[in-house]
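The values are calculated or read from the model by the stated rules, or taken from the named source; none is laboratory data. Worth saying up front: this structure is predicted, and the values here are computed from it rather than measured. Neighbour counts run over all protein chains shown; Cβ positions are idealised from the backbone, glycine included. Only protein heavy atoms, including side chains, enter the accessible area calculation; ligands, DNA and RNA are left aside. Shrake-Rupley method; radii C 1.70, N 1.55, O 1.52, S 1.80 Å.
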Amino acid sequence: MVKFDTAAHLQEVLHSFDKCEDPRFKEIMTSVVTHLHACVAELKLSPEEWISAIKFLTATGAICTDKRQEFILLSDLLGVSTLTIGINQHRGEDCLEDTVEGPYYWEGAPELPLGSDISNGVTGEKTYYHGKVIDPEGNPIANALLDVWSGDGDGNYDMQLPDQVEMLARAKFRTDEQGNYSFWSIRPSYYPIPQDGPAGLMQSKLHRHPNRPGHIHFKISAPDFYPVNTQLFVANGPYLDSDCVFGVKPSLIIDYIEHPAGITPDGKHLAAPYYSVPFDLRLTAV
Ligand code: BEZ
Ligand code: FE
């Protein structure tokens, strides 16, 4: 039997990139192709197995819409999103950490006054989120922009609800002169990632559960500080130690303080018990 020369074949393919004028693209393609060839050779992948991988990626693309991004989900489930964030993040000591954005960000949430309630039409227990955006020394950052979104108390994002065309539980807020932010929303529940597509099939074939712990997303930006794209996780909830997309960081697990019905910290009267989340958001200076 004549043995196929895998090393010579790889060199021939890499040589075909010689005329590429974009050095970074060439570097990336060289690395990806080298690792891909090594993987196929090491696994002695059959043509049928390679075709099934191609069919998997084809199905991943086919299920994507403007409201569903299966490739992001796949990247999240494989830990690649968390890896790219981790190796690129600029984070000072004790400053806020980044984590995965996930597939449910919806560009264009309305900017609302501080203290607004964004829980209208959203299931779940009311929660008052408040604190300051601060610099590494604890000084307030005025005019920082917070872009906030979460699922509801049953584990659904607005985009996942049938016939829901309006945004729910999403808004932007700007800190005041003292760096304060505040708004009302709900305490989000844990939830399963969509399981009816290729990413979910992969997850079940690997015998991994499909759940994310309850969390609320924050994108925060302010001039002279690194932007942060993060989540605050509900302490003591399920799946904090086994998030299916590897997004939980201990510094992002936050206590939701329970309050009986009555007068709220911002002077409202609530007839039902509620939660509050006091949390300062410390940014890293550029
Ligand atoms: C999310 O945070 O909503 C999310 C992140 C990664 C995958 C799926 C959902
Ligand atoms: Fe989320």
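For region 7-45, which trypsin sites (Lys or Arg not before Pro) are both in a DSSP coil and crowded by at most 11 other Cβ atoms within 10 Å?
Lys19, Lys44
Pick from Val228, Val122, Val32 the residue whose mean-square fluctuation is largest in a GNM of the chain, springs joining Cα atoms under 10 Å.
Maximum fluctuation in the GNM of the chain, among the listed residues, is at Val32.
Write down the percent of antiparallel bridges among all DSSP beta bridges whose residues are both part of the chain, to the nearest 5.
75
Lys and Arg at +1, Asp and Glu at -1: add these up for the other residues within a Cβ distance under 12 Å of Gly247 and post the number.
-3
Considering only protein heavy atoms and a probe of 1.4 Å, how much of the accessible area of the chain is carbon and sulfur, as a whole percent?
58
Where does the charge balance sit around Asn120 when Lys and Arg score +1, Asp and Glu -1, over other residues with C-beta under 14 Å from its C-beta?
-2
Which residue fluctuates most in the GNM of the chain (Cα springs below 10 Å): Thr84, Thr34, Thr58?
Among Thr84, Thr34, Thr58, the largest mean-square fluctuation in the Gaussian network model of the chain belongs to Thr34.
Can you tally the net charge around Asp158? Count Lys and Arg as +1, Asp and Glu as -1, for every other residue whose Cβ sits under 9 Å from the Cβ of Asp158. Show your work: numbers first, answer last.
Values: positive: Arg170; negative: Asp152, Glu166.
Here the charged neighbours net out to -1.
Below 8 Å between Cα atoms, with a sequence gap of 6+, how large is the relative contact order for region 75-282 in percent?
27
Ordered by packing density, taken as the mean number of other Cβ atoms within 10 Å over each peptide's residues, highest first, how do 95-101, 202-208 rank?
Ranked by mean Cβ neighbours within 10 Å, highest first: 95-101, 202-208.
List the chymotrypsin sites (Phe, Trp or Tyr not before Pro) in region 40-113 that DSSP assigns to loop (not H, G, I, E or B) and whose Cβ has at most 15 other Cβ atoms within 10 Å. Which are they?
Sparse-neighbourhood loop chymotrypsin sites (Phe, Trp or Tyr not before Pro): Trp106.
If the limit is 28 Å between Cα atoms, which of Lys126/Lys219; Lys19/Lys67; Lys55/Lys205 go over it?
Beyond 28 Å: Lys19/Lys67.
Please find, in a Gaussian network model of the chain (springs between Cα atoms separated by less than 10 Å), the residue of Leu252, Leu161, Leu14 whose mean-square fluctuation is greatest.
Most flexible of the set in this elastic network: Leu14.
Skip the ligands, DNA and RNA, and give the accessible area per residue of the chain with a 1.4 Å probe, whole Å².
Working: 15880 Å² over 286 residues.
Normalised by residue count, the accessible surface of the chain is 56 Å².
How far is the Cα center of region 2-20 from the Cα center of region 139-209, in Å?
So the two Cα centres are separated by 46 Å.
Using the charge dipole of region 37-175 (Lys, Arg: +1 at Cβ; Asp, Glu: -1 at Cβ; taken about the Cα centre), state which of Gln164, Leu57, Ile87 has its Cα farthest towards the positive end.
Leu57
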